[in-house]
Amino acid sequence: MDTDRIRFNDLHVHEDASEIAAAIDRVVRRGWFVLGPEVEAFEHEFASACGSTAAVGVGTGTDAIALVLRAMGIGPGDEVVTTPLSAAYTALAVVMAGARPVFADIDEERLTIDPRAIEAAITPRTAAILPVHLYGQAADMDAITAIASRRGLAIVEDCCQAHLATCGGRPVGTFGAAGAFSFYPTKNLGALGDGGAVVTGDSSLADRVRRLRNGGQRTRYHHDEFGVNSRLDELQAAILRARLPRLRGWTDARRTLAHAYRAALDGAPVRVPRECDPGHVYHLFPVRSADRSRFQQHLEAHHIETLIHYPVPIPRQPALADHHPAPCPVADRVCAEIVSLPLYPSLPLTAVARSAAVVQELGRQPRGAR
Ligand SMILES: *Cc1c(COP(=O)(O)O)cnc(C)c1O
C-alpha cells in the first residue's frame, strides 16, 4: 500500500466506531427496520441541529428535493430556477417532480446562483427558486429572498453540501419553504449508505412529505394520492444519530484545514475561491487552475488525489438535451478550471501543507519543462 498517498477522501469509520456498532446492534436487537423510533428520534435531533422545527427522513437527497417540490404542488407546467453548477441530481430532482429546470448562471466570486441571473430567468411559469449551497458555502440568500418575496416565488434550498452552514448567521434550510439534505457517505454528515431529509418550519408541508415518502399513505393501506417509497431506514437513522453529536467538531476541523490551505496557497498559481461568509462548512476545497490537466497530473505524480466538481455544467448534460437549456457562460468557464483538493475531518494538517507545497512547486516549473 502507498502509505504516502494523500487520498481524496476517507470513508473508514474512525473515532465513532464503537457508537456506530452500538447503534447497529440496538436496531438489530429491536427488529424494527423501516419507519420506527430511530427515524423519529433522528428527525427531531436533526431539525433542532438545523435550527428548524421539523425534519422528514427520506431515501436520498435527490428524493428530498423532488418530494418537497411535489408536496408544494410544483410539477408539470412549472419552472424551477436553479444553478448550472451543482451535482446534476439537483436538476434531476426537478425533472422527477415533473417540472422543468431553468438555469440562471452563477456568480463568479461565490460560485453559487447569481441573483441578477435569477431575475432574468423568471417567466410566468416560474414556481420556485432552487439555490444550491455549493461546496459548503451558502448562496446569497439575502438577495434571493428579496427576489422571491418581490416576485411571489417559493424557495427550496439544496443543502446537500451544507450541513450546519449559515448565511449571515442564519442556518441554511430556514430561508425558504424547506431545505433538502443528503446523507450520502461523502457528505459532511454521512450515513453508511444512502439517506436524506427535508427540513422545514411548515408542519403541514412536513406532513405531506411524510405521506409522499411512504407511498402516499394517509393511514395504513389508504392512499388518497400515490407517492413513492423513499424512506430513511432505521439502521441509517441510528448511525446518523450516533454521528450527529460530532458534526460540530468535524465542521470545525474542516474550517481549520481550509484556512490552512488558504494560507499555504498564498501566491500559488491557482485561484482560490473567496470565503464570502464565515458560515462556510467546506464540504469541498476547490481551486481554479488555467491548465487543469497539467495541475492534476502534477499532483498525481506526487501521490495527491484530486477530483473535479463538476466537469460538465448541468445545462450541457446530454440528459437535458430535450429541455433545450440556455448555456451559462460563467459556469462553462468555471467547470473548465475547477478542481478539488483533499479535505475531510481526519486529514492531517501535514497533508494540507504537503499538498499546498506541491501546488506551489507548479508555479516554479516552467511550462513544458518537467
Ligand atoms: C449529493 C448531492 C445531491 C444528491 O444527494 P443524494 O443523496 O446523492 O441523492 C443533490 N445536490 C447536491 C448539491 C449534492 O451534493
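The values are calculated or read from the model by the stated rules, or taken from the named source; none is laboratory data. It should be emphasised that the depicted structure is a prediction, and the values quoted were computed from it without experimental measurement. Cβ coordinates were reconstructed from backbone atoms using ideal geometry, including for glycine residues, and neighbour counts include every protein chain displayed.
Assessment of region 218-226 against the conditions (among the polar types (S, T, N, Q), without any contact (Cβ under 8 Å) to a residue 24 or more places away in the chain and in a helix (DSSP H, G or I)) yields no matching residue. Suppose we filter region 194-209 for residues that are of a type in the set (A, V, I, L, M) and assigned to a helix (DSSP H, G or I); how many remain? So the answer is 3. Whether a residue is within 16 Å of ALA66 (Cα to Cα), away from the ligand (no atom under 16 Å from the Cβ) and surrounded by 21 or more Cβ atoms within 10 Å (Cβ to Cβ) was assessed, and ALA206 passes this test. Among the candidates ALA64, ALA47, ALA41, ALA55, the residue that is among the small types (Gly, Ala, Ser), surrounded by fewer than 23 Cβ atoms within 10 Å (Cβ to Cβ), closer than 30 Å to THR90 by Cβ and touching a strand residue (DSSP E or B) at 6+ places or on another chain (Cβ under 7 Å) is uniquely ALA47. Evaluated against (1) surrounded by fewer than 24 Cβ atoms within 10 Å (Cβ to Cβ); (2) of a type outside the set (D, E, K, R); (3) in a helix (DSSP H, G or I), THR123 falls short on exactly one condition, (3).
Can you give me the number of residues within region 252-271 that are in contact (Cβ under 8 Å) with a residue 60 or more places away in the chain and either within 30 Å of ALA336 (Cβ to Cβ) or among the basic types (Lys, Arg) (or both)?
The total comes to 12.
Applying a threshold of 9 Å to beta carbon distances and a minimum spacing of six or more residues, or different chains, the list of pairs starting in region 89-102 at a residue that is more than 11 Å from the ligand (Cβ to nearest atom) and ending at one that is modelled with pLDDT under 95 reads VAL95/HIS323; ARG100/HIS323; PRO101/HIS323; PRO101/PRO325; VAL102/HIS323; VAL102/PRO325; VAL102/ALA326.
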